[in-house]
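First comes the structure, then the notes that go with it.
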Amino acid sequence: MNRRNTISSEFFSTIAVVLVLGLSVMCAIQTALSAAYFVRERRTALTAILDGASALSERFAEWGNIVTRPIDDEMAREGVRDGFELFDTASGALVFVASEDGEVQLHTGAVDLNGGRIPQDLLDQMNSGEDVFDTGTMDGLYPGRYYTAGRRIMVGGAVGYLFAASPMTALGTYIGDMLVMFGISAAAILLLCSLLCWVLAKRITGPIEDISEAARRLGSGDFTARAPVDGCVELAEFATTFNNMAMRLQTIDNSRGQFMGNIAHELRTPMTTIKGFIDGMLDGTIPQEENQHYLTIVSQETGRLARLVQNMLDITKLEAGEVPVHARTYDLWKTITDVVLSDEQRIEDGKIDIEGLDGPPMLIYADPDFVHQVVYNIVDNAIKFTPEGGSIRFSAQKKGDMVEVRIENTGAGIAPEALPFVFERFYKEDRSRGVNTRGSGLGLHICKILINLSGGKIHAESEPGKWCRFVFTLPAGN
């Protein structure tokens, strides 16, 4: 089993890698820029030395031409040397003069350049009127690597070349000092960032750990588990989403318990009735001449059981999305008329008036079987709860791209507090709809599912003691 890192360690590791890489790149860039700056500074400094030494060469011309031959007078020669060595002492630079053919005539410093020669390519460049700047050993003239600046000069009418040089070892010292300072700064930055990362990681992982703990409780069956909504916006939204999910699961769990209880209740009542009547016929409690009557009741209760089981199967398939939708355009009134005609005998027995069937054609785009089931369930309820001599009214009108259908019946209506629950499974509001035990409380729930699958909405309206109305919408047909 692979060992997984915690969010804190992953976060810290990522930030550490980014910081180290960033500081490394910064160090490389800083080193390159510092080296370039140092070279520019050296070139500027050596050029300034050349300017000063050129002026000094003109002053020493009266003692002899320093670019053509050594000065004979010892005091004059020492005076020239001391004058040039002022630059050596002040800047650490090596100053020397070469004749027109490139041979070194005079130099300062501890490096012995007597007899040395200047490379011809540098002489040609200076003869063209340009100052030169070279890095290296000058073709072996120096014992080590030097920065060298040179220019062509005229002393007493003779051509010569003046040079100023400084060892390149100074660059290593400069870069070393710079890297030491950079390392101290980087260490301080890493330490500070480590502390900040630890604090930030705790702020991030704290809410996540709370959510994880709530998830563990939820997974163990505690549907009351909730995560605190705190931390940054994203974590707060995550906790809110988790809490909504937990609330939904708790609702589903409660609904499942209620569903099982309702099923047990709905199945127990007809089964108790069936068993009681059959036992009565078997043990002789019910006279034989009344068997036919009670067998009819048993048959009705068996049919009720069959309808209940079928409704539960239909709901299961509908909620699982296993029932395909075969939508097409057709006239809504054909379905309503077919449903009313199928219940004609019950309507006549209850002396119920039917109103509104003479409306103009109303095209809808829906599955005819779905719409038939919806209308049948609503009309079935309306017939059950409409008192003798009452009425059932149908109406439909187009509103935008939807068709609104209304089925209204007179009667006791539905209590206001019961309206939000009439479409829930097994809900029966006998107090306002009259005492009726024939329903299972699944018909309206099936209506809601079918209407939602058709792309519409359904709701109930009522004025207690007067009327009840079911309103649903369906897509309009073209």
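The values are calculated or read from the model by the stated rules, or taken from the named source; none is laboratory data. Quantities reported herein were computed from a predicted structural model and do not represent experimental measurements. Methodologically, a virtual Cβ is constructed for each residue, glycine included, from the backbone with ideal geometry; neighbour enumeration extends over all protein chains shown. Side chains included, ligands, DNA and RNA excluded: accessible areas come from the protein's heavy atoms. Shrake-Rupley method; radii C 1.70, N 1.55, O 1.52, S 1.80 Å.
If I model a spin label at Asp112 and Leu19 as a point 7 Å from the Cα along the Cα→Cβ vector, what separation in nanometres do I get?
Label at Asp112, label at Leu19, 5.6 nm between them.
State in Å² the accessible area per residue of region 115-250; use a 1.4 Å probe, count heavy atoms of protein chains only, and round to the nearest integer.
Values: 7510 Å² over 136 residues.
Per-residue accessible area for region 115-250 comes out at 55 Å².
Could you sort Ser185, Ser391 by accessible area so the largest value comes first, with the probe set to 1.4 Å?
From most exposed to least exposed: Ser185, Ser391.
Kindly report, to the nearest 10 Å², the accessible surface of Lys202 as traced by a 1.4 Å probe over protein heavy atoms only.
Number for this one is 110 Å².
For the pair Ile184 and Lys317, how long in nm is the line joining their label points, each one 7 Å along Cα→Cβ?
8.4 nm
Can you tell me the relative contact order of region 151-251? Whole percent, Cα pairs under 8 Å, sequence separation 6 or more. Don't skip to the answer; put the middle values down first.
On the way: 61 pairs, mean separation 16.0, N = 101.
Once divided by the residue count of region 151-251, the mean separation gives 16 percent.
For Lys398 and Lys334, compute 0.36 nm times the residue count separating them, minus their Cα-Cα distance, and round to one decimal in nm.
On the way: separation 64, 0.36 × 64 = 23.04 nm, distance 1.64 nm.
Going from the current span to full extension adds 21.4 nm.
Could you put Trp198, Trp333 in order of accessible surface area, largest first, with the 1.4 Å probe and the full protein assembly present?
Numbers: Trp198 160, Trp333 20 Å².
Ranked from most to least accessible, the order is Trp198, Trp333.
Please tell me the relative contact order of region 95-194 in percent, rounded to the nearest whole number, where contacts are Cα pairs under 8 Å and at least six residues apart. It would help to have the intermediate numbers written out before the result.
Numbers: 143 pairs, mean separation 21.8, N = 100.
Computed over region 95-194, the figure is 22 percent.
Of the listed pairs Lys384/Lys448; Lys399/Lys448; Lys334/Lys398; Lys351/Lys399; Lys351/Lys398, which have alpha-carbon separations greater than 22 Å here?
Working: Lys384/Lys448 19 Å; Lys399/Lys448 20 Å; Lys334/Lys398 16 Å; Lys351/Lys399 33 Å; Lys351/Lys398 31 Å.
From the list (Lys384/Lys448; Lys399/Lys448; Lys334/Lys398; Lys351/Lys399; Lys351/Lys398), the Cα-Cα distance tops 22 Å for Lys351/Lys399; Lys351/Lys398.
Using a Förster distance of 35 Å, how high is the FRET efficiency between Gln288 and Leu267, based on the Cβ-Cβ distance and rounded to 0.05? Mind showing how you got there, number by number?
Details: r = 29 Å, r/R0 = 0.83.
My answer for the efficiency is 0.75.
Round to a whole angstrom and tell me the spacing of the C-alpha centers of region 340-355 and region 113-182.
Their Cα centres are 119 Å away from one another.
Rank His107, His372, His326 by accessible area, highest first, at a 1.4 Å probe radius?
Working: His107 25, His372 70, His326 125 Å².
Putting His107, His372, His326 in descending order of accessible area: His326, His372, His107.
Could you work out how much longer the chain between Arg43 and Ser220 gets when fully extended? Use 0.36 nm per residue separation minus the Cα distance between them, nm to one decimal. Could the numbers behind the result be given before it?
Values: separation 177, 0.36 × 177 = 63.72 nm, distance 7.64 nm.
Result for the pair: 56.1 nm of gain on full extension.
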